[in-house]
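Each value in this text was obtained by applying a stated rule to the coordinates, not by laboratory testing. Bear in mind the structure is a predicted one, so any value in this text is a computation, not a measurement. Note: ideal-geometry Cβ built from the backbone for every residue, glycine included; neighbour counts use all protein chains shown.
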Amino acid sequence: MKRITYPMVLDYVKDWGTWEIFREILQNALDAGGWDNVSIYAGSRLSIMNKAVLKEQDLLLGYSEKSEGSRGVWGEGLKLAMLVAVRNGMKPRIRSGNLRITAGVSEMFGQDVLVVYYRNDDYFDGTEITIDGWTGEDFRDKIIPPWDKRILLHTNQGDVLGMDEPALFADDLYVCKLEGYRFGYNLPELKLNRDRNLPDMWVVEPRLGFIWSRCQDVHMAEQLIRSAAGGHKEKNIPEWAMRVRHKKVWQEAWHNTFENAVVKLNDPVDDMAAYMGINAVDLGNVGVGLATILPNTGRAVEEKLMTPFDIAVDDENIFFLRKVAQKAGYKGAVLLADLPEDTGGMFRGGTIFINVKHSPEKQLATLLHELAHAIYGERDATAGMVDAVCKIASNLLYEVYNVQEE
């Protein structure tokens, strides 16, 4: 019988236990042929079978011929699983093709290390990995086969899972808990390190948006809306990731959930909506992503602002403001509006709104600011905004000066 002595002390990966043994063996089996070709038994022994066949090279540490996108590509999972099993008093044995493999303990430089024995025998069609003296469980709560009843929504981008304790799964295998989330998620081809540690959530959250964007079920869409409104972390899904494909589904879900409300935009216009008494619901980032297809504070405020506002007969300032806007090259409407005291005006929906309560001088200053938005598309508190206001003001003064000269 041949042997390979690995220079790995038995305390290596000391935080690994029975779940890691199970995970590494199962992910190799799944990579070899998927769930249709895998069988699992867990009792006094663990037995996982698949239809692929190992080669002697597969016993080398770091050797792997797995394709890109496989669950494990490090070439060490099986060896580490055997090491942890031996460390915990269990006995691994493998039959695969003509190979027969067992594992035990050897000594190197005064330390216990892993040793693997292998020989040839009659051909076995497939691979069966057995751990005798199994002290773990069947870990059904940590795997998501395609027929799992916890799958509430399945898409080509992944699964939404109904769970008492939401968790993240990568390619059907448990990764970690998802604290603060309403649902669990199973993501395909999620890149993880050897220990399958959680990647940054900025990588995960967009993937959740891609799943929900493909939702065709009104009830599930309602569940996401309620979850985000209730403060669950689904609200952190980036707005750009909510590329909704079935708009009517989400519109119906919103109507069923918040019939007479609008969604907040996480924008100063939300404060305006509150001032106007508009019922608005905060769905966080995911709400901003859905706002293009749902009633939102922006459109609600615009509708309110477009309501005709009574102007006193002797109030000529609005006509002066409109004339200034035309001289500046602006062709849209300029309207007075009942705005909060600390709001001078706004440019929305192609219309400039000016606070009716402010003095004529302040209204003019506000108009120049809003013209910079309307004509040049500049944003607040930027150098471009300052330049645009100065350019508009200088052009107006230059025109007035020329008129006076004539």
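Hey, if you put +1 on the Cβ of every Lys and Arg and -1 on every Asp and Glu Cβ in the chain, which of 27, 340, 101 ends up farthest toward the positive end of that dipole?
Value computed over the given set: 101.
Okay, helix-only estimate at 222 nm for the chain: each DSSP H run of n ≥ 4 adds -39500 (n - 2.57), divide by all residues, round to 500 deg cm²/dmol; what do you get?
Result for the chain, helices only: -10500 deg cm²/dmol.
If you split all Cα-Cα distances of the range 317-405 into 10 Å bins from zero, what percentages do you get per bin, shortest first?
18, 51, 28, 3, 0
Over what distance in Å are the Cα centres of the range 340-406 and the range 1-41 separated?
Rounded to whole Å, the Cα centres lie 69 Å apart.
Please report Rg (one decimal) and Dmax (integer) in Å for the Cα set of the chain.
32.7, 109
Just need the Rg to Rh number for the range 236-373, please, alpha carbons only, Kirkwood Rh.
Taking Rh as the inverse mean 1/r over Cα pairs, Rg/Rh reads 1.05.
Please express the shape of the range 69-142 as an equivalent ellipsoid: the semi-axes are the square roots of 5 times the eigenvalues of the C-alpha gyration tensor, given largest first in whole angstrom.
Semi-axes, largest first: 20, 19, 14 Å.
For labels at residue 61 and residue 260 in the simple 7 Å Cα→Cβ model, what's the distance in nm?
7.0
Put +1 on the Cβ of each Lys and Arg and -1 on the Cβ of each Asp and Glu in the chain; which of 120, 273, 350 then has its Cα farthest toward the positive end of the dipole?
Of 120, 273, 350, it is 120.
Using a Cα distance threshold of under 21 Å, what count of lysine pairs results for the range 252-406 when pairs must be 8 or more residues apart or interchain?
10
Go through the range 282-290 residue by residue and turn each phi into a ³J(HN,Hα) via Karplus (6.51, -1.76, 1.60, θ = phi - 60°); whole Hz please, and just put x for glycine and proline.
Karplus values, whole Hz, x for Gly and Pro: 8, 10, x, 4, 5, x, 5, x, 7.
So how strong a dipole does the chain carry about its Cα centre when Lys and Arg Cβ are +1 and Asp and Glu Cβ are -1, to the nearest 20 debye?
In total the dipole reaches around 1440 debye.
Kirkwood hydrodynamic radius for the range 151-301: how many Å is it when counted over pairs of different Cα atoms?
Evaluated on the range 151-301, it is 15.8 Å.
What is the count of Lys pairs in the range 2-139 whose alpha carbons sit under 19 Å apart, if the two are 8 or more places apart or on different chains?
10
Rounded to two decimals, what is Rg over Rh for the range 2-139 when you use alpha-carbon atoms and the Kirkwood radius?
0.93
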